[in-house]
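Accompanying notes for the structure given below.
What follows draws every value from the coordinates through simple rules; no lab data is involved. Quick caveat, the model's predicted, so the values are computed rather than measured. Cβ sites come from the backbone with ideal geometry, for glycine too, and all protein chains shown count toward neighbours.
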């Protein structure tokens, strides 16, 4: 999209915004504001009016629901930066990921060393991808994976199990919990990065 001066207009970051105006919804959906207003007034797009005014407001969840129902890509609501949660109790592994990705502006990294902390951070940080160690001090990674994938709000989060587990049965058990990929330790960082890019659509 270009401005009147011909320069490219920076894309707004809608990733944290929870309530949208009809103009913002129109920009995100790439339709006219009048189209959004008509959909709102007809009940196809749910929202509320600001008390004492004619202004319409659309909650994030309702906008996403509307976009999915009309096959409108929701990427416009996502930040350009992909959030990565590293779950591993090995400090050296965590530091390796931080070193590798610290200069890569495509990623924002957070880490957790237990399954419990991973659950809390998954809720608050809402990662796009979890790099999950199988052997955690409190619970196994497959339990973390199962909890994430069974939650309707979180099930689209990509999960890569990173582990020294080599048994075919154990790998199959991990895949059955919903893991999207398995990378064996010690791993090739380039191989891991390629798999991350594949799952994140980069």
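Once the convex hull of the C-alpha atoms of the range 19-77 is built, how many Å³ does it hold per residue, rounded to a whole number? Before the final figure, lay out the partial values.
Numbers: hull volume 4.1 nm³, N = 59.
Value for the range 19-77: 69 Å³ per residue.
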Practice task
Take the range 82-200, drop everything but the C-alpha atoms, weight them equally and run the Debye formula without solvent; then report log10 I(q)/I(0) at 0.20 Å⁻¹ to two decimals.
Solution key: -1.11
Exercise for the section: From the C-alpha gyration tensor of the range 152-202, pull out the three semi-axes of the equivalent ellipsoid (sqrt of 5λ each), sorted largest to smallest, in whole Å. Expected result: 19, 17, 7
Completion exercise
GNM on the chain, Cα springs under 10 Å; top mean-square fluctuation among 118, 25, 61 goes to 61
Fill in the blank from the handout: Among 82, 17, 184, the residue with the largest mean-square fluctuation in a Gaussian network model of the chain built from Cα contacts under 10 Å is 17
Problem - Inter-site label distance for residue 189 and residue 176 at 7 Å from Cα along Cβ, in nm - result: 3.6
Exercise for the section: Sort the range 96-138 into rounded, prolate or oblate with this rule: let a ≥ b ≥ c be the square roots of the eigenvalues of the Cα gyration tensor; rounded if a/c is under 1.5, and if a/c is not under 1.5, prolate when a/b is larger than b/c, oblate otherwise. Expected result: oblate
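Report the antiparallel proportion of the DSSP beta bridges in the chain as a percent, rounded to a multiple of 5. Could the numbers behind the result be given before it?
On the way: 7 of 26 bridges.
Counting only bridges with both partners in the chain, antiparallel ones make up about 25 percent.
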Problem - Relative contact order of the chain, defined on C-alpha pairs under 8 angstrom at six or more residues apart (%) - result: 13
Practice task
Calculate the spin-label point distance for residue 146 paired with residue 198, positioning each point 7 Å from the Cα along the beta-carbon direction, and give it in nanometres.
Solution key: 2.6
Handout entry: Helix-only mean residue ellipticity at 222 nm for the chain, each DSSP H run of n ≥ 4 adding -39500 (n - 2.57), per residue, nearest 500
Key = -11500 deg cm²/dmol
Practice task
Just grab the label-to-label distance for residue 41 and residue 81, each label 7 Å out from Cα along the Cβ direction, in nm (one decimal).
Solution key: 4.0
Problem - FRET efficiency for residue 100 and residue 55, using Cβ-Cβ distance with R0 set to 45 Å, rounded to 0.05 - result: 0.45
Exercise for the section: Take the alpha-carbon centre of the range 111-174, take the same for the range 20-67, and report the distance between them in whole Å. Expected result: 36
